[in-house]
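Taking it in order: structure first as structure tokens, then the write-up.
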Amino acid sequence: MEALRGDTTSPSPRHDPDPILVAASAGDRESVRDAIKRGEFDDLRSAAYNKTWYISERYCRIGDSVDSFEPVLHDLWYIYYQGGCYLSYESAEHDKLVLDVLRTKGRGPLMRPAPSGCGVDIARTPVGALWNGLPFFVTDMTDFWVNDCAKMEVNQRLNFASFLAKLASTRLDKDRLCQIALLVFRETFETERPLHIPDDTGESPGRIMHDLSISALLPAACAWIREAGYNIILLSDVSWNDCSSSIGQGGNTFLKSELGQRASAGFSPWRWMYWLKRLHEIVKEAEQADEKYLAEQATEAIEIMLGHVEERNSGILRVYEAAGGGLRQDKAFLGLEKLIKGDESSE
């Protein structure tokens, strides 16, 4: 820790990435996809470790600038993205992948002696330091979700959402990974789309978000509620909106609703209540369509959300209680009403 006090914190001038590494990136990513096709998932973790070692060597021993090996850093996050998609979210291997990311962060700052001989230089990028800042991890994962989500088969989408939510539950990067939950919930709960579309569960390179049904997206949304529900409550309580407007903005159906008039972007008690209401509507619609599994997923998500609110004595309860009027007459919020009345009777 004494060495860190001599850290050179002034921003370094930007340099171009190594052109050899830039040219090699496409082939490197193709080899990752090929390994997945062959089912060689153990090799992914080894490849990720090797890239982490390579970056550390380039900075600490060779003395390269961070910018020169930035392509390798993006390729490292690509390995975790692919593993998060194709490993089952229920498997031990999936959890090991999550732990590997956290261990990478736990390596702490990547340092070398400063050229002046006084203090140290820390490997810094414009978006954070290696390794404790996991630079570009959140932005890359967000881009992977935005660009590839619609193309995935439903299980890949579920696996990747679970991977992200597991990491988000550790409050990675000051909760910024939770911005992806806003994207998932906006598409699932705040956008008009049919309950079910035939043949939208498989992988399709040409598919766009508009082509997806609720049944194709709900498992991913439920994964966020299941794995990072506490964090979603915490962020809703403080109306967290530390993300770009394009990510934080509410969807059309939310913005048109009474709840959307009170808070249009980011996490908020009002938006959380809207998601709860939509889940109730999905349960009803799924039961009418005899989509039992879909109804069960939504019901479980409702129970988790209400359980988290009660356990944390969330401010959402007080916001709901103070709302009064027609909101407290809405049957979708009967669970919240029971929690409030339960608190009153215990006083």
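Brief remarks follow.
- Elements of type helices (runs of 4 or more DSSP H) in segment 85-201, at least 1 residues being closer than 30 Å to residue 68 by Cβ and assigned by TED's automatic domain parsing to the domain that holds residue 217: 137-148, 154-168, 179-189
- Test: residue 100 is touching a residue at least 40 places away in the same chain (Cβ under 8 Å) and in contact with a Lys or Arg (Cβ under 7 Å, 6 or more places away or on another chain): yes
- Unique match (being modelled with pLDDT of 95 or more, polar (S, T, N, Q) and under 29 Å from residue 289 (Cβ atoms)) among 244, 213: 213
- Subset of segment 188-201 (residues that are crowded, with 21+ Cβ neighbours inside 10 Å and over 12 Å from residue 224 (Cβ atoms)): 190
- Residue check for residue 253: in a loop (DSSP other than H, G, I, E, B), touching a residue at least 24 places away in the same chain (Cβ under 8 Å), over 26 Å from residue 172 (Cβ atoms) and not aromatic (Phe, Trp, Tyr): no
- Criterion applied to 294, 306, 339 was being in contact (Cβ under 8 Å) with a residue 12 or more places away in the chain and over 28 Å from residue 261 (Cβ atoms), and the one residue passing it is 294.
- When each of 234, 294 is tested for being surrounded by 22 or more Cβ atoms within 10 Å (Cβ to Cβ) and part of a helix (DSSP H, G or I), the lone residue that passes is 294.
- Some residue of segment 43-60 being of a type in the set (Asp, Glu), in contact with a Phe, Trp or Tyr (Cβ under 7 Å, 6 or more places away or on another chain) and within 25 Å of residue 151 (Cβ to Cβ): no
- Search result, residues across segment 183-205 that are more than 21 Å from residue 273 (Cβ to Cβ) and in contact (Cβ under 8 Å) with a residue 12 or more places away in the chain: 194, 195, 196, 197, 200, 201, 202, 203, 204, 205
- Of residues in segment 256-280 being within 19 Å of the chain's Cα centre (by Cα) and outside any loop (DSSP other than H, G, I, E, B), the one surrounded by the most Cβ atoms within 10 Å (Cβ to Cβ): 271
- Among the candidates 75, 100, 34, 64, residue that is in contact with a helix residue (DSSP H, G or I) (Cβ under 8 Å, 6 or more places away or on another chain), more than 20 Å from residue 139 (Cβ to Cβ) and either surrounded by fewer than 19 Cβ atoms within 10 Å (Cβ to Cβ) or modelled with pLDDT of 95 or more (or both): 64
- Every pair of residues 6+ apart whose Cβ atoms lie under 6 Å, when the first sits in segment 136-152 and is more than 12 Å from residue 73 (Cα to Cα) while the second is part of a helix (DSSP H, G or I): 138/173; 138/176; 138/177; 142/180; 144/81; 145/180; 150/209
- In segment 210-225, the residues that are in the same structural domain as residue 167 (by TED's automatic domain parsing) form Cβ pairs under 6 Å with partners that are charged (D, E, K, R) and part of a helix (DSSP H, G or I), at six or more places apart or across chains, as follows: 217/187; 220/157.
- Test: residue in segment 51-58 that is within 30 Å of residue 155 (Cα to Cα), assigned to a helix (DSSP H, G or I) and out of contact with any Gly (no Cβ under 8 Å at 6 or more places or on another chain): yes
The values are calculated or read from the model by the stated rules, or taken from the named source; none is laboratory data. Given the structure is predicted, the values throughout are model-derived calculations rather than measurements. Please note: Cβ atoms are built from the backbone with ideal geometry, for glycine as well, and neighbour counts cover all protein chains shown.
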